[in-house]
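Enquirer: Right, I'll just put the structure down here and ask away after.
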Amino acid sequence: MPPIEKHVQESAARTGREFRSVHEWLDKDPDKKAERHDITRIYEFGKLIEDQHGKEGLQEYIRHLHVDIKAKFHHLQQDLEKSLAETLAYFGVT
């Protein structure tokens, strides 16, 4: 998943505002990071973000989650493809 600074830069490029506090809220506390990235809580956390940062902040919160989930699945796909290739090579299948 991208670091906070990358999320901040992308928000600034998209909106002209960094929304640093949104990105830090999501990523900075390792004990709460997984909970705050839980897509089943988008409505609950989205309301909190919107109340504090407006609709644009809510959109940046959702975009942050989207980017992180997309990156996570990309890594999983790469790991799966590597594992499959190694398994096939082990059995002499190329």
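Throughout, read-outs are computed from the coordinates displayed, never taken from laboratory work. Please read all numbers here as calculations on a predicted model, not as lab measurements. Glycine gets a Cβ as well: all are built from the backbone with ideal geometry, and neighbour counts include every protein chain shown.
Enquirer: Which order results if His75, His23 are arranged by neighbouring Cβ count within 10 Å, fewest first?
Expert: Values: His75 11, His23 22.
Exposure proxy ranking, most exposed first: His75, His23.
Enquirer: Continuing with this model, one more query. Would you compute, from DSSP H runs of 4+ residues alone, the mean residue ellipticity of the chain at 222 nm, taking -39500 (n - 2.57) per run and dividing by the full residue count, rounded to the nearest 500? Write down the numbers at each step before the final one.
Expert: Details: 4 runs with 73 residues, N = 94.
When only DSSP H runs of four or more count, the value is -26500 deg cm²/dmol.
Enquirer: About the Cα centre, and with charges only on the beta carbon of Lys, Arg (+1) and Asp, Glu (-1), how big is the dipole of the range 4-90? Nearest 20 debye, please. All intermediate terms of the calculation are to be shown ahead of the outcome.
Expert: Numbers: 15 positive and 18 negative charges, 38 e Å.
Here the range 4-90 has a charge dipole of around 180 debye.
Enquirer: What nm distance separates the two modelled labels at Lys32 and Gln52, each placed 7 Å from Cα along Cα→Cβ?
Expert: The two pseudo-label positions are separated by 0.7 nm.
Enquirer: Hey, another quick one. Of all the Cα-Cα pairs you can form in the range 4-90, what percent are over 19 Å apart?
Expert: On the way: 1683 of 3741 pairs.
That fraction is 45 percent.
Enquirer: Loop-only trypsin sites (Lys or Arg not before Pro) in the range 31-75, please: DSSP not H, G, I, E or B, and at most 13 other Cβ atoms within 10 Å. Walk me through the numbers before you get to the answer.
Expert: Working: sites: Lys32, Lys33, Arg36, Arg41, Lys47, Lys55, Arg63, Lys70, Lys72; in loops: Lys32.
Here the sparse-neighbourhood loop sites are Lys32.
Enquirer: Oh, and also: Determine ³J(HN,Hα), in whole Hz, for all residues of the range 20-31 in sequence, where each value follows from phi through the Karplus function 6.51 cos²θ - 1.76 cosθ + 1.60 and θ = phi - 60°; x replaces Gly and Pro.
Expert: For the range 20-31, the Karplus-derived couplings read 4, 5, 5, 5, 5, 4, 5, 10, 6, 8, x, 6 Hz, x marking Gly and Pro.
Enquirer: Within the range 1-91, list the chymotrypsin sites (Phe, Trp or Tyr not before Pro) lying in a DSSP loop whose Cβ has at most 14 other Cβ atoms in a 10 Å radius. Write out the running numbers ahead of the final one.
Expert: Numbers: sites: Phe19, Trp25, Tyr43, Phe45, Tyr61, Phe73, Tyr90, Phe91; in loops: Phe19, Phe91.
Here the chymotrypsin sites (Phe, Trp or Tyr not before Pro) that fit, given the DSSP loop and packing criteria, are Phe91.
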